[in-house]
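Engineer: One structure is given below, represented as structure tokens, and several questions about it will come after.
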Amino acid sequence: MATAYDIIIRPVITERAMAGAADKKYVFEVAKDAGKIEIRKAVEEIFGVKVSSVNTVTMPGKEKRMGAGRPGKTRSWKKAYVQLTEDSKTIEFFEGMV
């Protein structure tokens, strides 16, 4: 069985993702085979918060040139949007970045 740290790979730090942090919405890269319930439990275990909803998106790989015109592709990955409850505390990791 996968641990919580196997499910949550990394936080997504972009301008759009940081705009949602003020409303307690956070974005994480997660394992491709992880379900919404597993993601919810992992975030609650790692950060000690209460999650109200989880939305997931599979991001397809992009076409890239690899060297002298040879086509290639970046990897596809899964992204999770996590909404915390109103009475939950915020995640301290994101506080200095907003």
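The values are calculated or read from the model by the stated rules, or taken from the named source; none is laboratory data. Remember, it's a predicted structure, so these values are computed and weren't measured experimentally. Using ideal geometry, Cβ is built from the backbone for each residue, glycine included, and neighbour counts are taken over all protein chains shown. When the accessible area is computed, the model is the full protein with side chains, heavy atoms only, and any ligands, DNA or RNA have been set aside. Shrake-Rupley method; radii C 1.70, N 1.55, O 1.52, S 1.80 Å.
Engineer: How do Met18, Met66, Met59 stack up against each other in accessible area, from largest to smallest, with a 1.4 angstrom probe?
Structural biologist: Ranked from most to least accessible, the order is Met66, Met59, Met18.
Engineer: If I fit a long axis through the Cα atoms of helix 36-47 and take the longest principal axis of the Cα atoms of the chain, what angle between them do I get, 0 to 90°, rounded to 10?
Structural biologist: In the chain, helix 36-47 runs at an angle near 70 degrees to the longest axis.
Engineer: Let me ask another. Please compute the alpha carbon radius of gyration of the chain, then divide it by the globular-protein estimate 2.2 N^0.38 Å. Two decimals is fine.
Structural biologist: Dividing the Cα Rg of the chain by 2.2 N^0.38 Å gives 1.22.
Engineer: Still on this model: Starting from the amide H of Lys50, placed 1.01 Å from N in the peptide plane, find each other amide H under 5 Å away whose residue is 5 or more places distant or on another chain.
Structural biologist: Thr85, Lys89
Engineer: So which lysines pass the test for Lys73, namely a Cα distance under 23 Å, with those fewer than 8 places away in the same chain ruled out?
Structural biologist: Result set, ordered by chain and number: Lys32, Lys62, Lys64.
Engineer: On to the next question. I need the GluC sites (Glu not before Pro) found in segment 19-98, filtered to DSSP loop residues with at most 15 other beta carbons within 10 Å of theirs.
Structural biologist: Sparse-neighbourhood loop GluC sites (Glu not before Pro): Glu86.
Engineer: With contacts defined as alpha carbon pairs under 8 Å and 6 or more residues apart, what's the relative contact order of segment 40-98 in percent?
Structural biologist: 37 percent
Engineer: Now, a different point. Would you list which aspartates and glutamates come within 15 Å of Lys50, measuring only between C-alpha atoms, while excluding same-chain residues fewer than 8 positions from it?
Structural biologist: In chain and number order, the partners are Asp23, Glu38, Glu86, Asp87, Glu92.
Engineer: If I model a spin label as a point 7 Å beyond the Cα along the Cα-Cβ vector, how far apart are those points for Lys64 and Asp6 in nm?
Structural biologist: Label-label distance for Lys64 and Asp6, simple model: 2.7 nm.
Engineer: A follow-up question, please. Leaving ligands, DNA and RNA out of it, rank Arg16, Arg40 by accessible area with a 1.4 Å probe, largest first.
Structural biologist: Descending order: Arg16, Arg40.
Engineer: Rounded to the nearest 500, what is the chain's calculated 222 nm mean residue ellipticity when only DSSP H runs of at least 4 contribute -39500 (n - 2.57) each, over all residues?
Structural biologist: Mean residue ellipticity at 222 nm (helix-derived): -6000 deg cm²/dmol.
Engineer: For Cα pairs less than 8 Å apart in space and 6+ apart in sequence, what is the mean separation divided by the residue count of segment 1-92, i.e. the relative contact order in percent?
Structural biologist: 31 percent
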